[in-house]
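What follows is a short report on a single structure.
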Amino acid sequence: QMLQERGFTKEIIESFRLGYAPNEKSFISTPLINKGDYNQAVELGLTKVKDGASYDMFRDRLIFPIDNESGVVIGFGGRKSNEESAEKYAKYLNSNESKIYRKERVLYGLHQAKKAIVDSKKAILVEGYTDVITLHQGGIENVVASSGTSLTKEQIRLIKRYTPNIKIIYDGDPAGVKAALRGLDLILESDM
């Protein structure tokens with residue numbers, strides 16, 4: 001319901017498998033410990049250990065599962081659910097890098113965007129999760145995001161499998177402009 005209050009449709013919530021992690025210390029940790037999946041949860045950054053106690057990394061956050069190209073969840077992103085707490089804590093958190101999740105080799109939304117990228121013969125590159133989702137909801141589905149990491153050659157190679165054409169739409173702030181110019185150089189170096 002919180003996601004729908006933020007303007008996301010039921011279809012978008014289901015397509016991107018969006019969720020919410022409640023503001024509880026061990027909502028995820030306790031069941032994972034009980035199932036015997038504790039070590040994997042720590043490795044993936046879902047659970048942290050401090051002073052011998054386990055606690056959830058993602059608390060009071062909107063959860064964005066991060067898929068690989070095939071649609072298998074390999075990591076998570078979490079955004080603070082309200083602006084007040086986002087000022088006090090990190091606004092965004094991502095899963096730890098692991099054997100299966102390497103940020104520089106993943107584009108958020110690629111699984112959902114592949115067909116639209118091929119059909120339109122271009123990819124639109126944006127900065128973050130909500131940018132991708134908002135555009136998808138508006139009917140623009142050939143959109144992917146580098147999600148908190150500078151655009152990498154590996155990410156460009158992923159796009160190149162589907163199209164040689166990329167449009168960059170980053171924020172107009174100094175950081176966004178700088179990232180867009182750096183990304184443009186990498187894209188041109190890759191004959192795109």
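The values are calculated or read from the model by the stated rules, or taken from the named source; none is laboratory data. This structure is a prediction, so every number in the text was calculated from the model and none was measured. Cβ: placed from backbone, ideal geometry, glycine included. Neighbour counts: every protein chain shown. Quick note on the areas: whole protein, heavy atoms, side chains included, nothing else; ligands and nucleic acids left out. Shrake-Rupley method; radii C 1.70, N 1.55, O 1.52, S 1.80 Å.
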Roughly what % of Cα-Cα distances in the range 95-134 sit above 13 Å, to the whole percent?
61
Quick one: which residues, 5 or more positions from PHE76 or on another chain, have an amide H under 5 Å from its amide H? H modelled 1.01 Å from N in the peptide plane, none for Pro or chain starts.
ILE66, SER95
For the range 1-48 and the range 131-163, what is the separation of their C-alpha centers, rounded to whole Å?
23
Tell me what the chain gives for mean residue ellipticity at 222 nm when only DSSP H runs of n ≥ 4 count, each as -39,500 (n - 2.57), the sum divided by the residue total, rounded to 500 deg cm²/dmol.
-10500 deg cm²/dmol
Can you tell me what share of the DSSP beta bridges in the chain is antiparallel? A percent to the nearest 5 is fine.
75
For a label point 7 Å along the Cα-to-beta-carbon line of GLU24, residues of the range 46-72 with backbone N under 15 Å:
55-61
Working from the pairwise distances between different alpha carbons, so that the mean of 1/r is found and then inverted, what is the chain's Kirkwood radius in Å?
17.6
With every protein chain left in place, what is the accessible area of ASP185 in Å² (1.4 Å probe, nearest 10)?
90
Solvent-accessible heavy-atom area per residue, rounded to whole Å², over the range 40-192 at 1.4 Å
51
Could you look at the chain and say what percent of its accessible area is carbon and sulfur, using a 1.4 Å probe and all protein chains?
50
When you count, for each residue, the other Cβ atoms within 10 Å and take the mean per peptide, how do 162-169, 102-109 rank with the highest first?
102-109, 162-169
Lysine pairs in the range 1-60 with Cα distance under 22 Å, only those 8 or more apart or on different chains: how many are there?
5
Share of pairwise Cα separations in the range 102-161, more than 19 Å, in percent
19
